[in-house]
Amino acid sequence: MTIETPVKIEPALLTIPQVCEYLNIARATFYKINATGAFGLLPVRLGTCRKVLYSRAELDAYVRAGCPHRKQWQIQRGQR
């Protein structure tokens with residue numbers, strides 16, 4: 001008899017606390033770097049949902065790119 005381990009599904013969109021955990025920073029630090037533009041990602045909006053969410057795939061790419069400033073990240077991603 002084999003015991004199957006449940007597969008954990010990672011969410012495609014992350015909340016601010018999840019982003020902080022992923023980056024290993026405090027929420028206060030996140031808000032500080034986001035306010036200065038040092039955090040490159042822009043939130044994903046789902047219809048009229050007021051919750052602030054960030055794309056996990058974009059966060060992965062952002063970290064691989066070395067966490068550039070928001071303006072630089074938007075240029076790299078082709079967003080103006």
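Students often forget the sequence filter, so: which lysines lie under 23 Å Cα-Cα from residue 32 once same-chain residues fewer than 8 apart are removed?
The reachable lysines, counting only those whose Cα sits under 23 Å from residue 32, are 51, 71.
Calculated from DSSP H runs of 4 or more alone, at -39500 (n - 2.57) each and per residue, what is the 222 nm mean residue ellipticity of the chain, nearest 500?
-12000 deg cm²/dmol
If you average over every viewing direction, what projected area does the convex hull of the Cα atoms of region 13-77 give, in nm²?
The directionally averaged projection comes out at 4.3 nm².
Loop-only check: which GluC sites (Glu not before Pro) in the chain are DSSP coil with at most 14 other Cβ within 10 angstrom?
Answer by residue number: 4.
Determine how many Å³ per residue the convex hull of the Cα atoms of region 1-48 encloses. Intermediate values should be presented prior to the final figure.
On the way: hull volume 5.8 nm³, N = 48.
Spread over its residues, the Cα hull of region 1-48 gives 121 Å³ apiece.
Within a 10 angstrom radius of the beta carbon, how do 54, 31 rank from fewest other beta carbons to most?
Values: 54 20, 31 13.
Listing 54, 31 from fewest to most nearby Cβ atoms yields 31, 54.
Can you check what the net charge comes to around residue 41, using other residues whose Cβ is under 9 Å from the Cβ of residue 41 (Lys, Arg +1; Asp, Glu -1)?
Values: positive: 70; negative: 58.
Local charge sum for residue 41: 0.
Check residue 53: other-chain or 5+ apart residues with amide H under 5 Å from its amide H, H built from backbone geometry?
Under 5 Å from the amide H of residue 53 lie the amide H atoms of 44, each far enough along the sequence or on another chain.
Just so you know, all these numbers are worked out from the coordinates, no wet-lab data involved. Keep in mind the model is a prediction, meaning the values are calculated, not measured. Glycine gets a Cβ as well: all are built from the backbone with ideal geometry, and neighbour counts include every protein chain shown.
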